[in-house]
């Protein structure tokens, strides 16, 4: 399973690169989510994204990029978090006031650290019905958990465009 998720993450990176170098991608806003579609080798591929940024002294810094795409007929969510995270702890997520669930990091790259997990029917239904997903992680060398809130407004419509 982990091997397939790593493969999915690599393919998503390829999709992102293809979207950058292909003809102008079609971007559609769905409230707080956007779908990005492009023709890749004669087939339309679409993924959805949401980015959370924080203003700081150096400008605008990305805290989180969430991407949902399809791999081997299964929806997969990928979260790209900043460097400097305690990888051993993984992340914890909660949709609205639902049950918490965790996921481990797959790897870190120059842009941040990657978590990927399948969106099964239950989790997808929870996200479509929800308002907010809380994502908790620990900076390295602390016991304090930082929590980011990712809006689910527009997720239902956006997730229907993934292909």
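The values are calculated or read from the model by the stated rules, or taken from the named source; none is laboratory data. This structure is a prediction, so every number in the text was calculated from the model and none was measured. In this analysis, Cβ positions are derived from the backbone assuming ideal geometry, glycine residues included, and neighbour counts consider all displayed protein chains.
Do we have residue 48 as part of a strand (DSSP E or B) and in contact with a helix residue (DSSP H, G or I) (Cβ under 6 Å, 6 or more places away or on another chain) here? Yes, satisfied.
Kindly establish whether residue 120 is surrounded by fewer than 12 Cβ atoms within 10 Å (Cβ to Cβ), within 22 Å of residue 33 (Cβ to Cβ) and touching a strand residue (DSSP E or B) at 6+ places or on another chain (Cβ under 9 Å). Criteria met by residue 120. The number of residues in region 146-160 that are in a strand (DSSP E or B) and loosely packed, with under 15 Cβ neighbours inside 10 Å comes to 3. The single condition among (1) in contact with a helix residue (DSSP H, G or I) (Cβ under 7 Å, 6 or more places away or on another chain); (2) under 22 Å from residue 27 (Cα atoms) that residue 138 does not meet is (2). Among the residues making up region 111-127, those that are in a helix (DSSP H, G or I), under 15 Å from the mean Cα position of the chain (by Cα) and either over 15 Å from residue 75 (Cβ atoms) or free of Cβ contacts under 8 Å to residues at least 40 places away in the same chain (or both) are 123, 127. Out of all the residues in region 18-27, is one or more part of a strand (DSSP E or B), at pLDDT 90 or above and buried (at least 19 other Cβ atoms within 10 Å of the Cβ)? Looking for residues that are part of a strand (DSSP E or B), at pLDDT 90 or above and buried (at least 19 other Cβ atoms within 10 Å of the Cβ), one finds none in region 18-27, hence no. Evaluated against (1) buried (at least 16 other Cβ atoms within 10 Å of the Cβ); (2) in a loop (DSSP other than H, G, I, E, B), residue 34 falls short on exactly one condition, (2).
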